[in-house]
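Structure first, then comments.
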Amino acid sequence: MEPISENKSPAIACHNLRTPYQSTLKRPILNGIDLKINHGEFVALLGLNGAGKSTLLRSLVGLVPVSQGEIQICGTTVQPKLVDEVRKNVGFLVQGGGLVDQLSCLDNVLCGCLGELNTWQSLWGFPKRDRRVAMQLLQKMGLQEQIYQKARQLSGGQRQRVAIARTLIQSPHILLADEPTTGLDVSGINQVMTSLQEMNRKGLTVVVVLHDLALAAQYAQRAIVLQEGQVWYDGDCQNMDSQFAKLQKLSLVPSVNAA
């Protein structure tokens, strides 16, 4: 894939994106998505349950089959023969972080390097350089005191920051985060969102699924709202309350808090 400085294509581009028909919904989960996200943007993806937010994120890295349309990541079309190349450019932060409780924070971060190791390296352990980078990432996340702690000993916010560090060790240009604040207290939410914001300020493109309009307004530069598998709103985060009020008047949304 082209170096980011030489690639003039958008970070993410979707054209008429559709997934297979779902009989329970009586429509595709993604039903004609058109959007473009430029390099360096911080985008909040909002919408009701079932609107297609998580499905859209997974489709961007080839985890969900599409029946129609096209996805491009930094100019590379997402298709089976190129999906490994695409994934090298994209970090995916799953709900709950996906840490291994029995491993230390350091070892969990190093797991992000497994895809780059050859057979001999996997047998002999992680190179010193990778261990050094993993420790530096944990320090940047404010976890220097937890480097050797087991993941099961961490708070929710600390676990998510370890997961972010594990994603960043892959040196992605784009970070996709699927509801990274779910189940966290106020302190944990602020820790995670601040970490994402700091990475964005350093040039990382961030797309995060959220259910909190206030968080979107505080941290993101742009909001994309999905409704029934389509882009209903794409614009300034500061307009979210009024936009969801419009949806409520149309009887499409029972409450603005549902987003």
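Each of (i) 1.00; (ii) 0.98; (iii) 1.13 is a candidate for Rg/Rh (Cα atoms, Kirkwood Rh); the one calculated from this structure is (ii). Past 31 Å, Cα to Cα: identify those pairs from LYS53/LYS81; LYS81/LYS246; LYS8/LYS246, in the order given. Too far apart for the 31 Å limit: LYS81/LYS246; LYS8/LYS246.
Inter-part distance, region 46-76 to region 204-247, computed on C-alpha centroids, equals 17 Å.
A simple charge model with +1 on the Cβ of Lys and Arg, -1 on the Cβ of Asp and Glu and nothing else charged puts the dipole of region 6-70 at about 280 debye relative to its Cα centre. Taking the longest Cα principal axis of the chain as reference, the axis of helix 128-140 is set at about 50 degrees.
Listed by chain and number, the aspartates and glutamates whose C-alpha is less than 17 Å from the C-alpha of LYS150, apart from same-chain residues fewer than 8 away, are ASP101, ASP107. In the calculated pair-distance distribution of region 140-223, the portion above 22 angstrom amounts to 21 percent of the Cα-Cα pairs.
To test your reading of the geometry: what angle, between 0 and 90 degrees and rounded to tens, separates the Cα axis of helix 240-249 from the longest principal axis of the chain? The angle comes out near 40 degrees.
Subtracting the Cα-Cα distance of ASN16 and LYS202 from 0.36 nm times their residue separation leaves 63.8 nm of extension gain. With each label modelled as a point 7 angstrom along the Cα→C-beta vector, the ASP34-SER171 pair spans 3.7 nm.
Expressed as an acute angle from 0 to 90° and rounded to the nearest 10, what is the orientation of the C-alpha long axis of helix 156-168 relative to the principal long axis of the chain? Orientation of helix 156-168: about 80 degrees from the principal axis.
No value in this document is a laboratory result; all are computed from the given coordinates. This is a predicted model, so every value here is computed, not measured. Cβ coordinates were reconstructed from backbone atoms using ideal geometry, including for glycine residues, and neighbour counts include every protein chain displayed.
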